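Below is one structure, written out as structure tokens; the observations come after it.
Derivation of every value follows stated rules applied to the coordinates shown; laboratory data play no part. It should be emphasised that the depicted structure is a prediction, and the values quoted were computed from it without experimental measurement. Cβ atoms come from the backbone with ideal geometry, glycine included; neighbour counts cover every protein chain shown.
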Amino acid sequence: MSFSGKKFRRVRAENVEELLKVSKTNENVARMLQNTLPTFSFTRIDDVTFTFHLQTDNRQMNVTFKLGEETELERRDGSKVKVTYTLEGDNVLKQVIKSPDGKISYFKRDFGDKDMIMTITMDGTDVEAKIYYELVE
């Protein structure tokens, strides 16, 4: 698990605007996704427990979760979502997010030694977005 405890920062994105348009994402959420440059890290606590740390210019968030267990989280816009994480191999972390409106989003994080690529897809669309991150620590 080479990514545990490492901090990553977004450097560029592809197709995010297109994905947000076709999925009819809430305008406030869309603006936050497009205009913030967050840093994040995942730290492994034990075999199934992780802490996710996210930092943006105006917010810090720490969430502890267990692999395979659905957790309720509050988004930056105040809405609540159900999130489930799974680990595939040592360096692929998958996340499924169920929104209150029934939409399901899929996030796949592929960790390299000094970078991470996050692929985002949503039910009901064939558009795929990619967000690229670089190691900062």
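Excluding same-chain neighbours fewer than eight residues apart, the lysines reachable from K114 by a Cα-Cα span under 27 Å are K6, K7, K66, K94, K130.
Distance from the alpha carbon centroid of the stretch 55-86 to that of the stretch 94-137 works out to 14 angstrom.
Once Rg/Rh (Cα atoms, Kirkwood Rh) is calculated for the structure shown, the corresponding label among (1) 1.23; (2) 1.03; (3) 0.93 turns out to be (3). The I45 and K130 beta-carbon pair, evaluated with R₀ = 25 Å, returns a calculated FRET efficiency of approximately 0.30.
Across the stretch 65-109, the mean sequence separation of Cα contacts (distance under 8 Å, 6 or more residues apart), normalised by length, yields a relative contact order of 28 percent.
Based on C-alpha pairs under 8 angstrom that are at least 6 apart in sequence, the chain has a relative contact order of 27 percent.
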